[in-house]
Amino acid sequence: MSAVVFARTLVVPWSSPVNARAYEPPNEHALSLEGQQVVAARRREPAAFEALVRRHQTTLYNFCLRMLGQPDDAADVAQETFVQLYSHLGRLDEQEPLAPWLFRVARNRCIDLIRRRRTVPLQLPDESGEGGLTLEPADDDPLPDEMAERADLQRLLSAAIAELPPAYAEVVALRYAGDRSFAEIALILDVDEGTARVRFHRAKGLLRRHLRASGEKPQ
């Protein structure tokens, strides 16, 4: 299922109540366009909420797809995330960007689904020494990056990412599919930027080993 198909299947519960704030921002016109759309969506203006969905649906769906490796599961999690967005409109700060909140919700739902899928406990990475990049060896092999840029290899990379421990899969998915900076990834995952970078580079090493062991590499 592509992101376009997912967008067409999204069902928004317009009959559900919005927990709207009892106040309006003092100067709505000073808000970003996204902030204005959040405020308008609280007023139950369908076009405003649909605009928020269109703004984020592709990157969010692609992130879920990289985390889960299954299009249907990715579409379900992305849709559940937007439903949760609608029900939480009144609790959001319209002056803050929406993407970090969306990715946090989707990330937690993806991890819950991964935990239900796997029959053995998930192994969390050893996070000792993650605070400093100087402990990490240089990473000059571009294999996962090249695959991320080639449409014909997206399926292979997505399947490999879905096999990673969640703490590594999420940072790779945010970087490749979510197109987030390391500063944004750190905010979403509630870690420092150095930790986000180290996890990303370690994840790339795991991806290379997985892809080479399976005999898959760019031609």
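Only the coordinates and a few stated rules stand behind these numbers; no lab work does. Please read all numbers here as calculations on a predicted model, not as lab measurements. As a convention, Cβ positions derive from the backbone with ideal geometry for all residues, glycine included, and neighbour counts pool all protein chains shown.
Is the shape of the stretch 174-216 best called rounded, prolate or oblate, per the rule: a/c under 1.5 gives rounded, else a/b larger than b/c gives prolate, else oblate, with a ≥ b ≥ c the square roots of the Cα gyration tensor eigenvalues? Prolate, because a/c is 1.5 or more and a/b exceeds b/c. Extension gain V83-S181, at 0.36 nm per residue separation less the Cα-Cα distance, in nm? Using 0.36 nm per residue and subtracting the Cα-Cα distance, I get 32.7 nm. Taking a sphere under 14 Å around the Cβ of L174 and counting the other residues whose Cβ falls inside, with K and R at +1 and D and E at -1, yields a net charge of +3.
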